[in-house]
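As structure tokens, the structure follows; a few thoughts come after it.
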Ligand SMILES: Nc1ncnc2c1ncn2[C@@H]1O[C@H](COP(=O)(O)OP(=O)(O)O)[C@@H](O)[C@H]1O
Ligand SMILES: [Mg+2]
């Protein structure tokens, strides 16, 4: 493994957190960088950390967050050395915050351009035989100039000949493809699962709301699959009566 950059004495500003821990901004570098997934040598999540590092290292695409190395520093409270992943800092945070922020106005032309960027990132992953498995607006980051970059490679899986079915626990249920969610036996993991999740991201960019929100944050595809007809009816009833389908239709 490479020699970590010593961050002793560098100011770490907390900017957010996800399932795997806190994310910090280091603005004393130009351009600014972020530090993610802080772990100690004894940490049980070290394996996940190493997988994310190894994956990021070999990916190089303008729409994938750039890996810059490993940073180490002594934790103030415990005095124990810790390490984190250094990555390019995306000044506007996660896409979910951009979608939610009414102060940011964007048009369908922006959505088309962002969709292209995300599809390019997915195409690149597919070429590299990798499946992200956790595509969602919280894992797409937005640069200062509003370019989208796919991030959070903590769940990535390389497709190999021996790679068989899905691991049900991996991913976020709301955005999981049906085959991923139900881990249908015999179905092999493929980049098509990422395509499904990306479809939902694009849908959310267009509508500026969480899709399937009525199912709560732990939405289960199984529920939708049995009630999809009803769901369409609800959408139709909610819109203007003039454009509502007639019973015959
Ligand atoms: N490179 C980055 N630039 C800007 N914000 C980031 C960056 N990396 C992470 N974040 C912020 O931290 C949050 C969690 O990061 P993420 O990589 O998804 O971690 P986790 O694996 O814990 O989910 C993101 O949703 C985003 O708001
Ligand atoms: Mg995340």
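Derivation of every value follows stated rules applied to the coordinates shown; laboratory data play no part. For clarity, every value in this text was computed on a predicted model and none was experimentally measured. When we count neighbours, we look across all protein chains shown, and the Cβ atoms used for this are built from the backbone with ideal geometry, even at glycine.
Provide the packing ranking of 195-204, 49-58, i.e. peptides ordered by the mean count of other C-beta atoms within 10 Å per residue, highest first. Numbers along the way, then the final one.
Working: 195-204: 18.5, 49-58: 16.8.
Output ranking for 195-204, 49-58: 195-204, 49-58.
Can you give the FRET efficiency to the nearest 0.05 for residue 211 and residue 41, using r as the Cβ-Cβ distance and R₀ = 30 Å?
Values: r = 41 Å, r/R0 = 1.37.
The computed FRET efficiency comes out at 0.15.
Just rank 156, 104, fewest to most, by other beta-carbon atoms within 10 angstrom.
On the way: 156 20, 104 14.
The most exposed by this proxy come first: 104, 156.
Counting alpha carbon pairs within less than 8 Å and at least 6 residues apart, what relative contact order, in whole percent, applies to region 5-88?
31 percent
Could you list 124, 109 in order of exposure, starting from the residue whose Cβ has the fewest other Cβ atoms within 10 Å? Let's see the in-between values first.
Working: 124 17, 109 8.
Fewest to most other Cβ atoms nearby, the residues stand as 109, 124.
Based on alpha-carbon positions alone, could you give the equivalent ellipsoid semi-axes of region 1-77 from the gyration tensor, as √(5λ), descending, whole Å? Before the final figure, lay out each step's value.
On the way: eigenvalues 68, 59, 33 Å².
That gives 18, 17, 13 Å for the three semi-axes.
Going by Cα centres, region 12-33 and region 39-77 are how many Å apart?
13 Å
Sort 74, 66, 210 by Cβ crowding within 10 Å, fewest neighbours at the top.
On the way: 74 13, 66 17, 210 20.
In order of increasing Cβ crowding within 10 Å: 74, 66, 210.
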